[in-house]
1. Tell me which residues, restricted to the range 215-265, are of a type in the set (Gly, Ala, Ser) and touching a helix residue (DSSP H, G or I) at 6+ places or on another chain (Cβ under 8 Å).
2. Taking the conditions exactly as written (touching a residue at least 24 places away in the same chain (Cβ under 8 Å), open to solvent by 30 Å² or more (accessible area, probe 1.4 Å), farther than 22 Å from LEU226 by Cβ and assigned to a helix (DSSP H, G or I)), does ALA66 satisfy them or not?
3. Looking at the range 40-49 only, could you name the residues that are more than 8 Å from the ligand (Cβ to nearest atom) and assigned to a helix (DSSP H, G or I)?
4. Which number in (1) in contact with a Leu (Cβ under 9 Å, 6 or more places away or on another chain); (2) open to solvent by 20 Å² or more (accessible area, probe 1.4 Å); (3) assigned to a loop (DSSP other than H, G, I, E, B) marks the one condition that LYS17 misses?
5. Go through (1) open to solvent by 10 Å² or more (accessible area, probe 1.4 Å); (2) in a helix (DSSP H, G or I); (3) in contact (Cβ under 8 Å) with a residue 24 or more places away in the chain one by one and return the number of the condition ALA161 breaks.
6. Search the range 174-186 for residues being touching a strand residue (DSSP E or B) at 6+ places or on another chain (Cβ under 8 Å) and of a type outside the set (Val, Ile, Thr), and hand back the single one that is surrounded by the fewest Cβ atoms within 10 Å (Cβ to Cβ).
7. Any chance the range 230-252 includes a residue that's under 23 Å from VAL191 (Cβ atoms), among the polar types (S, T, N, Q), open to solvent by less than 10 Å² (accessible area, probe 1.4 Å) and part of a loop (DSSP other than H, G, I, E, B)?
8. Inspect all residues belonging to the range 201-220 and state whether any of them is open to solvent by less than 60 Å² (accessible area, probe 1.4 Å), among the hydrophobic types (A, V, I, L, M, F, W, C) and more than 16 Å from the ligand (Cβ to nearest atom).
Amino acid sequence: MSRIRTAGLLKMKQEGKKITALTAYDSSFAKLFATCGIDVLLVGDSLGMVLQGLDSTVPVTTTEVAYHTRCVRAGAPEAFVIADMPFMTYPDPATACFEGAELMRAGANMVKLEGGEWLVEIVQALTRQGIPVCAHLGLLPQSVNVIGGYKVQGRDEDGAAALINQARALEAAGAQLLVVECIPSALGEQVSKAINIPVIGIGAGNQTDGQILVMHDMLGMNADYLPKFTKNFLTGRDSLKAAVEAYINEVRNGDFPGPEHSFNS
Ligand code: KIV
């Protein structure tokens with residue numbers, strides 16, 4: 001794996017090269033993904049669901065994300081690793097810096113936060129203290145109890161315009177990357193064009209600057225339920241490596257996600 005950093009990701013956007021990303025939570029998978037050439041690893045708070053068997057990400061703590069970040073860093077020493085800041089660990093700038101620092105010490109290159117304009121001061125404080133930020137808009141799993149379920153966001157004109165404004169505000173505050181989750185493909189494309197920082201989509205169509213999937217979905221490990229926006233890349237392949245390479249290739253050449261994995265307005 002090449003030693004990609006934020007400048008490299010920005011260059012990929014500028015050159016129209018798709019960024020490939022997967023979640024990872026342990027050293028073995030991190031090593032496999034890095035060997036296959038993935039650009040970004042995310043230690044997602046999705047670990048609450050896929051590792052701990054919970055029904056949301058809400059109970060996950062910074063200590064737990066830090067533990068898994070250390071595991072991922074051990075398996076992929078050169079990787080670009082983003083660590084999720086869990087629910088209620090960034091209510092104000094000082095707390096955010098304290099919690100974010102724990103993830104950086106565990107080996108993260110960047111932290112990810114869910115939310116819009118209300119995060120501006122927090123993003124400014126984190127970046128001032130040397131903690132790079134990835135923002136996260138669209139479906140915000142940490143707010144599932146407010147939203148009332150895992151629903152596609154930004155389907156109406158007002159919601160779409162608000163999301164674009166939020167992306168601009170977060171970029172201006174210093175965010176260097178943006179994840180957009182479960183929004184219509186057209187909005188995924190608009191937001192990617194509206195800001196200069198790379199936009200990585202999950203359920204946001206194939207016109208974003210890159211794609212991320214939860215590794216358990218990509219490997220079909222949840223046989224009961226496969227969300228519409230994911231694909232089991234292990235189907236028809238005989239190794240984990242072949243599945244990961246297929247995911248990377250399909251993202252790079254724009255085949256994944258197809259219309260069947262995407263949402264309309
Ligand atoms: O926690 C996570 O895995 C995430 C991805 C869904 C982007 O935030």
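The values are calculated or read from the model by the stated rules, or taken from the named source; none is laboratory data. In this text the structure is predicted, and so the values were computed from the model without any measurement. Quick reminder, even Gly has a Cβ in these numbers, built from the backbone with ideal geometry, and neighbours come from all protein chains shown. Only protein heavy atoms, including side chains, enter the accessible area calculation; ligands, DNA and RNA are left aside. Shrake-Rupley method; radii C 1.70, N 1.55, O 1.52, S 1.80 Å.
1. Selection gives ALA243, SER262, SER265.
2. On the way: touching a residue at least 24 places away in the same chain (Cβ under 8 Å): yes; open to solvent by 30 Å² or more (accessible area, probe 1.4 Å): no; farther than 22 Å from LEU226 by Cβ: yes; assigned to a helix (DSSP H, G or I): yes.
Answer is no for this residue.
3. Applying the first criterion (more than 8 Å from the ligand (Cβ to nearest atom)) to the range 40-49 yields 40-41, 43, 48-49.
Residues satisfying the conditions are GLY48, MET49.
4. (1)
5. In the conditions (1) open to solvent by 10 Å² or more (accessible area, probe 1.4 Å); (2) in a helix (DSSP H, G or I); (3) in contact (Cβ under 8 Å) with a residue 24 or more places away in the chain, ALA161 misses (3) alone.
6. First, pick out the residues of the range 174-186 that are touching a strand residue (DSSP E or B) at 6+ places or on another chain (Cβ under 8 Å): 174-183.
Narrowing the set further to residues that are of a type outside the set (Val, Ile, Thr) leaves 174-178, 181-182.
Working: GLY174: 18, ALA175: 26, GLN176: 21, LEU177: 28, LEU178: 26, GLU181: 22, CYS182: 22.
Residue satisfying both the conditions and the ranking: GLY174.
7. yes
8. The initial filter retains those residues of the range 201-220 that are open to solvent by less than 60 Å² (accessible area, probe 1.4 Å), namely 201-206, 208-220.
Pick out the ones that are also among the hydrophobic types (A, V, I, L, M, F, W, C) and you get 202, 204, 212-215, 218-219.
Restricting the remaining residues to those that are more than 16 Å from the ligand (Cβ to nearest atom) gives none.
The answer is no, given that none of the residues of the range 201-220 is open to solvent by less than 60 Å² (accessible area, probe 1.4 Å), among the hydrophobic types (A, V, I, L, M, F, W, C) and more than 16 Å from the ligand (Cβ to nearest atom).
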